[in-house]
Amino acid sequence: MNTEFKRGVRESLPIVFGVLPFGLILGAQAAQKGMSSLETMLMMGLNFAGGSEFATVGAWTSPIPVLLIWTLTLMINSRHILMGAAFAPYLRDLPLRQLLPTLFVMIDETWAMGMAEIKKREQLGLPAFNLPYYWGIAVVLYMIWLLCGLVGSQFGYLLGNDIEKFGFGMAFPAVFLVLVRGMWRGMKSARPWVVSLVVAALVYLMLPNGGWYVLVGTLSGLVMAYFTENE
């Protein structure tokens, strides 16, 4: 097995503790909504994105509101546009057969750790994007995500109906803040993210229902990145 792949596996293990409760909660909530284990696994495996999956489960009724779920997924996953734009300069040389799977597993954690690795390698004068390392992280998180969803859908009822009372909701934000802290390179390079955060917060306060704040925040960050790229 590639040494860099194994390093990615090893360095992803602390992140697993942030993913575990979310996967369990999602599986449990899906079961409470009447979704089978197979439906839960398909949703989590085909839409590997976290937030939009919770929105899907929240909107899940009978008959299934396909258009609503599709719209929510589009808006919430729109943050991947900004993440993908940041990744784009480092993925240009990948053949399509490698590029598409790489983007499929680009979630918040794989993106943050991948970008942190890119910055380290640039300082060392090495090729920026470390594909084996990236996939070491992605494989672990993908498998753990699916496994937790399955366990949650089968045994989540043991947690009761009020799952949020356990405080699991803080796990992912805490992990992501640590990841972002490791990527900090000064306020100048962070301006698109700051603009995106502020705009998203304002839109959320004005339009709390739906995922419009994610879409508008993403677009504002892209605009800011475009105007500051060549400074």
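Sort out which residues of the stretch 48-78 are closer than 22 Å to Val223 by Cα and either open to solvent by 50 Å² or more (accessible area, probe 1.4 Å) or at pLDDT 85 or above (or both), and write them in order of number.
Leu74
Can you name the residue in the stretch 79-88 that is aliphatic (A, V, I, L, M) and touching a helix residue (DSSP H, G or I) at 6+ places or on another chain (Cβ under 9 Å) and, of all such residues, is most open to solvent (accessible area, probe 1.4 Å)? Break it down stepwise before answering.
Taking the stretch 79-88 and keeping what is aliphatic (A, V, I, L, M), we get 81-83, 85-86, 88.
After this cut, where a residue has to be touching a helix residue (DSSP H, G or I) at 6+ places or on another chain (Cβ under 9 Å) as well, the list is 81-83, 85-86.
Working: Ile81: 87, Leu82: 13, Met83: 8, Ala85: 50, Ala86: 31 Å².
Ranking the qualifying residues of the stretch 79-88, first place goes to Ile81.
Please list, ordered by first then second residue, the pairs with beta carbon atoms under 8 Å, 6 or more apart or interchain, first in the stretch 123-139 and free of Cβ contacts under 8 Å to residues at least 40 places away in the same chain, second surrounded by 12 or more Cβ atoms within 10 Å (Cβ to Cβ) and among the acidic types (Asp, Glu).
Once the first residue is free of Cβ contacts under 8 Å to residues at least 40 places away in the same chain and sits in the stretch 123-139, its partners that are surrounded by 12 or more Cβ atoms within 10 Å (Cβ to Cβ) and among the acidic types (Asp, Glu) give Ala128/Glu122.
Out of (1) in a helix (DSSP H, G or I); (2) more than 28 Å from Ser36 (Cα to Cα); (3) of a type in the set (A, V, I, L, M, F, W, C); (4) at pLDDT 75 or above, what's the single condition that is false for Leu126?
The failed condition is (1).
The values are calculated or read from the model by the stated rules, or taken from the named source; none is laboratory data. All of these numbers come straight from a predicted model, not from anything done at the bench. We place every Cβ from the backbone using ideal geometry, glycine too, and count neighbours over all the protein chains shown. Side chains included, ligands, DNA and RNA excluded: accessible areas come from the protein's heavy atoms. Shrake-Rupley method; radii C 1.70, N 1.55, O 1.52, S 1.80 Å.
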